[in-house]
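Worksheet: one structure, shown below.
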Amino acid sequence: MSQRTLVLLKPDTVRRGLVGEVLSRIEAKAGWSIVAMELRTLDRSTLETHYAEHEGRPFYAPLMEFMASGPSVALVVEGERVIEGVRTLAGPTDPIAAAPGSVRGDFGTIVRENLIHASDSEESAEREIKIFFPEGDAAVS
């Protein structure tokens, strides 16, 4: 079943010049397509909406500061089992626990700056795509 997922290449990915590397890993997967993409520095309102479930947690303020610290690349990827697949490609949040071959396993250094976000379910993907692409061009169909 074809799905769509939101992927964010976070400010550390952009700063470290790893955008092309991560995009090429996504594009190399047969049957996956990037259907929307934008480079932008995320505003506070967008970040508050996206990370609302984490408000009040100890890592919330540092996360918000990090995510607003520079440009990110927001993209929508479409394909067969893409939600599960991109999360596997990203690897676990902790780069020490992430397997070699995953983005975080190959390039991650610390938990807080973990290079990539990928929706964790169809419901999250639908909600997150609407936050980052509200004009509907990348709406989940």
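In the list MET64, MET37, which residue meets the criterion of being under 18 Å from VAL14 (Cβ atoms) and over 14 Å from the mean Cα position of the chain (by Cα)?
MET64
Counting just the residues of segment 95-123 that are assigned to a loop (DSSP other than H, G, I, E, B), closer than 21 Å to LEU75 by Cα and in contact with a Ser or Thr (Cβ under 7 Å, 6 or more places away or on another chain), which one comes out modelled with the lowest pLDDT?
Applying the filter and picking the extreme gives ASN114.
Exactly one condition in (1) more than 14 Å from GLU21 (Cβ to Cβ); (2) exposed (fewer than 15 other Cβ atoms within 10 Å of the Cβ) is false for GLY101; which is it?
The one condition GLY101 does not meet is (1).
Could we say that ARG87 is within 27 Å of ALA28 (Cβ to Cβ) and either buried (at least 18 other Cβ atoms within 10 Å of the Cβ) or touching a helix residue (DSSP H, G or I) at 6+ places or on another chain (Cβ under 7 Å) (or both) here?
Judged against the criteria, ARG87 is a match.
Is it the case that some residue within segment 72-85 is over 23 Å from LEU23 (Cβ atoms) and within 15 Å of the chain's Cα centre (by Cα)?
For segment 72-85, residues over 23 Å from LEU23 (Cβ atoms) and within 15 Å of the chain's Cα centre (by Cα): absent.
Would you please list the contacts, defined by Cβ atoms under 6 Å and residues six or more apart or on different chains, that run from a residue in segment 26-38 that is modelled with pLDDT under 95 to a residue that is surrounded by 14 or more Cβ atoms within 10 Å (Cβ to Cβ)?
Filtered contacts from segment 26-38: GLY31/GLY79.
The values are calculated or read from the model by the stated rules, or taken from the named source; none is laboratory data. Being a predicted model, the structure only gives us computed values, none of them experimental. Glycine also receives a Cβ, built like all others from the backbone with ideal geometry; neighbour counts cover every protein chain displayed.
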